[in-house]
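Read-outs: derived from the displayed coordinates by stated rules, not from any lab. Model, not experiment: these values are computed from the prediction. Don't worry about glycine lacking a Cβ; one is built from the backbone with ideal geometry, like all the others, and counts go over all protein chains shown.
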Amino acid sequence: MTYMFENPTYHRISLPIDIENRYRRYRLYSYCEGIRCEAHRRNQFTGFPVLFIVGNADSYRQVRSLGSVAYRMGDKQKQLDFFSIDFNEELSALFGGVLEQQTEFVAYSIQTILSLYKVNRTIILVGNSIGGLLPRAVFLQPSNRFNPNTVRLIITQATPHQAPVIHSDSYVIDFYSRVNEYWKNEWNNSLKHLVLLSLAGGDRDHLVRSDLCSLNGLTDESRSIDVLTSAVPHVWTSTDHRCIVWCRQLVLTTTRALLEIIQEKKQNPQAIMQILKRYFSPSVDFNHGLNTTLNLTKEPTIITESSVSIRSKEQNDYLIPLKDSKFHRIIIHLTHTQIYLKNHDIMTDITNTLIPIPPTYSNRKMIQFDVKNLDDNLKQYDSILIRLENQKAQVDIYQIENNEQIVELST
């Protein structure tokens, strides 16, 4: 759970009169706490806009979880302004007839939010449950209603992207069909500037199965991530359908990623993906351009065994061959240890790419290499160098010789 230090306030944002008359059931709000509320009342916004879109029968007040944490973690140089839409708690997962109207209101809300800022801005969209489908559907709106270039990042929480949970009527089936068909055809065309992150709750979510949150067939891995919350570093737990909104570990991870994106002023999809992978992906990419100099005072010990556990009270170096290795996979668990990729005198420090292992206080991290199917950038290295520098340092190395197991079935 997350909590506030000051009273949460939801300030209503007025849309053009004709829009409000057309969508009388819907409202747009901004979230604020404390002294910032006075600026919100005057419609003075200086942060980076984020629009939170609720799902089936949900309240717009759910934005508080992300909004409150972002308010505390931000500062004057980097601040997130959270907005939320009140859909009057409509049962959009049970009656698809309201999805088109909700999508239209999202498009008009984005227009209104961006008009509150003095400089041209983009906006981040966060959708919960079936509300996460609306940020994707808004790209089908006409150009006079929505500018696709104003959205660079979409984050969805427990959103069934592949198909509706319940095929309740022809409206929802037709809505899904049009949205998914458009994304399949336009992902590398009109949507090539976009990054999509889909979070699934896992086995505790009894309402939306995790396979429905997959992006398989809708996008590719170059600009999208779909991941279970239990696989997200520093979250490591499954969430039920409600909890995914206010899970403290997930809220903190999401907020940190968003603040880094706006702080670095990242607009191109490759830069945004690099940040999201670091926070949400259980695997990370190496930065091969950063070579470092490492002084070897003595020859490192070469590891050829399949399983080794090392504890050292003084500085020692260990070398694991990559080139011409008989092993298929190498898994390394480390604590207080430096790790490098080595090619003769060229060293690349990859310590910062290690994946943390729960619990957090253990400081245990891991990395694995698929030796027989190395990435092209890894093929330039011939070995892995591990340096143990203090008494707390320890490393466990597992080298797997064969990934395959042949089972003969009797007929």
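In whole Å, how far is the Cα centre of the range 228-256 from that of the range 320-393?
With the range 228-256 and the range 320-393 each reduced to a Cα centre, they are spaced 27 Å.
For the range 291-400, report the translational diffusion coefficient in µm²/s to the nearest whole number, using Stokes-Einstein at 25 °C, 0.890 mPa s, and a Kirkwood Rh over Cα pairs.
After rounding, the answer is 173 µm²/s.
Give me the Kirkwood hydrodynamic radius of the range 38-172, using the inverse of the mean 1/r over all pairs of distinct Cα atoms, in Å to one decimal.
Across the range 38-172, the inverse of the average 1/r is 15.5 Å.
Pulled fully out, how much extra length does the chain show between S307 and R178, if you take 0.36 nm times their separation in residues and subtract their Cα-Cα distance?
Full extension of this stretch gives 41.2 nm more.
Net charge near D240, counting Lys/Arg +1 and Asp/Glu -1 over other residues with Cβ under 10 Å of its Cβ?
0
Of all DSSP beta bridges in the chain, what percent run antiparallel (nearest 5)?
Restricted to the chain, the bridges split so that about 65 percent are antiparallel.
Set Lys and Arg Cβ to +1 and Asp and Glu Cβ to -1, take the dipole of the chain about its Cα centre, and tell me which of V151, S92, G67 lies farthest positive.
G67
Can you give the charge dipole size of the range 1-120 about its Cα centre, rounded to the nearest 20 debye, using +1 on the beta carbon of Lys and Arg and -1 on the beta carbon of Asp and Glu?
400 debye
Counting alpha carbon pairs within less than 8 Å and at least 6 residues apart, what relative contact order, in whole percent, applies to the chain?
12 percent.
Less than 13 Å apart at the alpha-carbon level, and either on another chain or at least 8 residues along: which aspartates and glutamates does that give for K192?
D220, E221
Checking the cross-link filter: which aspartates and glutamates have an alpha carbon closer than 15 Å to that of K78, excluding same-chain neighbours under 8 positions apart?
E260, E264
What FRET efficiency comes out for K379 versus R12 if R0 is 51 angstrom and r is the Cβ-Cβ distance? Round to the nearest 0.05.
Step by step, r from the Cβ atoms, then E = 0.30.
If the cut-off is a Cα-Cα distance under 23 Å, which lysines reach K392, setting aside same-chain residues fewer than 8 apart in sequence?
Answer for K392, where 23 Å is the Cα cut-off: K298, K313, K365, listed by chain and number.
With a 10 Å Cβ neighbour count serving as the proxy for reagent exposure, in which order, fewest first, do C243, C32 appear?
C243, C32
Evaluated at 4 °C with a viscosity of 1.567 mPa s, what Stokes-Einstein diffusion coefficient in µm²/s does the chain have when Rh comes from the Kirkwood expression over alpha-carbon pairs?
Translational D for this selection: 55 µm²/s.
Among W183, W236, rank each residue by its count of other Cβ atoms within 10 Å, from fewest to most, as a rough exposure measure.
Exposure proxy ranking, most exposed first: W236, W183.
Once you have the Cα-Cα distance between M73 and Q315, take 0.36 nm times their residue separation minus that, and quote the gain in nm to one decimal.
Between M73 and Q315, full extension yields 83.3 nm more.
Can you give the local net charge around P148? Use residues other than it whose beta-carbon is closer than 13 angstrom to its beta-carbon, Lys and Arg +1, Asp and Glu -1.
Neighbour charge sum, excluding P148 itself: +3.
Given Cα pairs under 8 Å that are at least 6 residues apart, what percent is the relative contact order of the range 100-208?
Normalised by residue count, the contact order of the range 100-208 is 28 percent.
Using the Cα centre of the chain as the reference point, and only Cβ charges (+1 on K/R, -1 on D/E), how large is the resulting charge dipole? Debye, rounded to the nearest 20.
1400 debye
Tally Lys and Arg at +1 and Asp and Glu at -1 over the other residues with C-beta under 12 Å from the C-beta of I110: what net charge comes out?
+1
Quick one: angle between helix 269-280 and the longest Cα principal axis of the chain, in degrees between 0 and 90, rounded to 10, please.
For 269-280 against the chain, the angle is about 70 degrees.
For the residues V165, V251, what sequence is obtained by ranking on other C-beta atoms within 10 Å, fewest first?
V165, V251
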